[in-house]
Amino acid sequence: MSIYDCPHCGEKTFTPLTKALAGPMNSKGRACKACGRKCVNGQVSAVIRMLLSLLMGAGVLASILFVEDTVTAMLCIVGAVLLYVLLNGLINAFFFPLIKAVRRDA
């Protein structure tokens with residue numbers, strides 16, 4: 001069930017999973033099934049990724065500094081990292097359009 005358009009050819013060839021795995025602007029991206037050119041998530045996705053990583057870093061730092069129990073602190077750190085990965089993947093999968101890959105080797 002392809003629901004996202006390729007920015008090169010305009011055909012609907014990307015599923016939410018392939019769009020989520022297309023990666024940020026500095027990655028090689030995912031190839032379109034129709035035209036073979038590579039696409040990545042746009043600049044807004046990079047900004048959201050940066051904000052989420054800052055929040056994850058703050059959560060990790062807070063759990064290191066303020067949680068007394070080591071096991072609880074480790075669970076908080078693992079939870080923060082998993083939440084970062086999950087939210088980043090969901091945002092990339094369902095929000096914001098794909099753009100053409102900007103890397104020359106893509």
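The values are calculated or read from the model by the stated rules, or taken from the named source; none is laboratory data. Computed from a prediction, not measured in an experiment: that's the story for all the values here. Note that each Cβ is placed from the backbone with ideal geometry, even for glycine, and that neighbours are counted across all protein chains shown. Heavy atoms of the whole protein, side chains included, go into the accessibility calculation; ligands, DNA and RNA do not. Shrake-Rupley method; radii C 1.70, N 1.55, O 1.52, S 1.80 Å.
Taking (1) over 28 Å from R104 (Cβ atoms); (2) not in a loop (DSSP other than H, G, I, E, B) in turn, S45 satisfies each apart from (1).
V60: open to solvent by less than 40 Å² (accessible area, probe 1.4 Å) and assigned to a helix (DSSP H, G or I), yes or no? Yes; evaluated as a whole, the condition is true for this residue. Among the residues of the stretch 2-28, just one is more than 11 Å from the chain's Cα centre (by Cα), closer than 19 Å to R104 by Cα and open to solvent by less than 20 Å² (accessible area, probe 1.4 Å), namely C6. In this structure, L54 does not satisfy being modelled with pLDDT under 95, open to solvent by 100 Å² or more (accessible area, probe 1.4 Å) and closer than 28 Å to R103 by Cα. All of (1) at pLDDT below 90; (2) open to solvent by 40 Å² or more (accessible area, probe 1.4 Å); (3) of a type outside the set (A, V, I, L, M, F, W, C) hold for K38 with one exception: (1).
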